[in-house]
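**Student:** Sharing a structure, written as structure tokens. Questions coming.
The values are calculated or read from the model by the stated rules, or taken from the named source; none is laboratory data. What you see is a predicted model, and the numbers here were worked out from it, not measured in a lab. Methodologically, a virtual Cβ is constructed for each residue, glycine included, from the backbone with ideal geometry; neighbour enumeration extends over all protein chains shown.
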């Protein structure tokens, strides 16, 4: 027998050139020799070599190979960032394959082996991170899940009364390289064609003055990176176009005209198209960035798809939240979490924004609640969660983009979230069609919570909220209410509803006189619907004066909807439905014109309203009109509206 020793049949290029034994078949790429010498490990295997590698690795476990992070040391710039000076003829060169991963790519010829190895190593990293045996810095958040998921396996190794962490940071291993065809498509869609600097200024200012105050979903500390300053700094395109799209609601007419658009809607559609294109094709892998973009894209309405886009995007946003584990960020979790305090504050905001959108869209569209509060324990947000982002901003940037009364507005945002919780309790208690009926004790307890709730600088709870809470009990009584009290209870309910509708009109009148409709939020139009329904029912009164008063009150709401319809498209749908209902009761009714004071106001730049009746093409079914005119249907108003959208 020959005693001659042979070199390994499979060796990397460096070991082959140096004629030394290569450990590649045991350790994988990089081999020990290249690791010690600091060389790049490359392999161009033959088919025979590949077969031998596969055979040997089915019997052996590959050792742990750490993949370098693909973000910089501070993690500030997402992977899909592109430099400003690349526009307008930019490419996504920032997404080309990284040289340090060349060795990893060299074994891509046997894809099944490479994939199995990566998946195994991901599992190893998850386990070692959870068990505290891996102190390497990670960038990609991962949520292991709770019972009955696989995360409970780790609890076997944890001390009693000391659960292991569910939120960990993994080494980011995904490197997205866009093909030339993808880059060409993005170029075709115009994602690299940025607006003028003056337009970018106004759009960013509009976002922080109008959108961020009710949905603070951007980390303001990244504003210097978001702003296209022209100094070569990088910023995130998908986030920027998403911000621009939603901020376009709040810029002047001159702004969209200067960009060559024929209408505000055309400008919004163009920016939405670019943001959506990047969302699906831009290669973004940062889950937080995708979540932020998704929540902003949820502002899109389109008659082509029956206005279902907000509901569609909200579903994606909630799924992303739950995948990252944003719904399970309790005080105990936050105290021991590897996630930074700044990131935790942003996550709290993002989760409660999803909660806010879930409750209000459920009210607006009559859809089921997606978020079950019994599955969630994330800490309630505070004003500091919003304000802390702004503390380190340069004064020049703060003065240019941030409202001066931000501390007060941050307190208002927290109040709005608290009110949203009560709205969710109301929808759960009174508007779920199946299950046990609400008891009188439950109704009374929630009623007291609502009546005790104080809005800032106002001693009254939101009046539309009162109508929403009471209207199911116009024709039905809670379980357990004595028969002797039922008539008195329903009289109380009717009186509260009518009074709330009158007071809402008083508030609306103040908004009109102070020229504040341009600052209305996305929840304003749907809040007017139950109020208008009450006024519409008063139009059926046998008393002519009461009928006229009811019409007068509903007309104010109709004019307000007309002013908001270019900012909030749902206004047009609501206005069209009630316009037909009014004509049903008053056949000779003529639509009122736009409020002259608002149309000429310089402080309200949104009044690019057409003189034509925007509702001329809407046809309202007879069943919908009869439902609107029926007092019993007041608690089914949303079902009536839904019939218009299906």
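**Student:** So, of the residues in the stretch 383-397 that are at pLDDT 90 or above, over 19 Å from the mean Cα position of the chain (by Cα) and surrounded by 15 or more Cβ atoms within 10 Å (Cβ to Cβ), which turns out to be farthest from residue 348 (Cα to Cα)?
**Tutor:** Among those residues, the one meeting the criterion is 390.
**Student:** Which helices (runs of 4 or more DSSP H) does the stretch 301-407 wholly contain that include 3 or more residues that are in contact (Cβ under 8 Å) with a residue 60 or more places away in the chain, touching a helix residue (DSSP H, G or I) at 6+ places or on another chain (Cβ under 8 Å) and assigned by TED's automatic domain parsing to the domain that holds residue 288?
**Tutor:** Here the list reads 341-365, 395-401.
**Student:** Further question: Which one of these is in a helix (DSSP H, G or I), farther than 23 Å from residue 214 by Cβ and at pLDDT 90 or above: 493, 414?
**Tutor:** On inspection, the qualifying residue turns out to be 493.
**Student:** Hey, among 455, 419, which residue is surrounded by 16 or more Cβ atoms within 10 Å (Cβ to Cβ), under 30 Å from residue 390 (Cβ atoms) and touching a helix residue (DSSP H, G or I) at 6+ places or on another chain (Cβ under 8 Å)?
**Tutor:** 419
**Student:** Considering only the stretch 1-59, state which residues are within 25 Å of residue 121 (Cβ to Cβ), exposed (fewer than 12 other Cβ atoms within 10 Å of the Cβ) and modelled with pLDDT under 55.
**Tutor:** 55, 58, 59
**Student:** I would also like to ask the following. Kindly indicate the residue of the stretch 326-342 that is modelled with pLDDT under 90 and crowded, with 16+ Cβ neighbours inside 10 Å and also nearest to residue 219 (Cα to Cα) among those meeting that condition.
**Tutor:** 339
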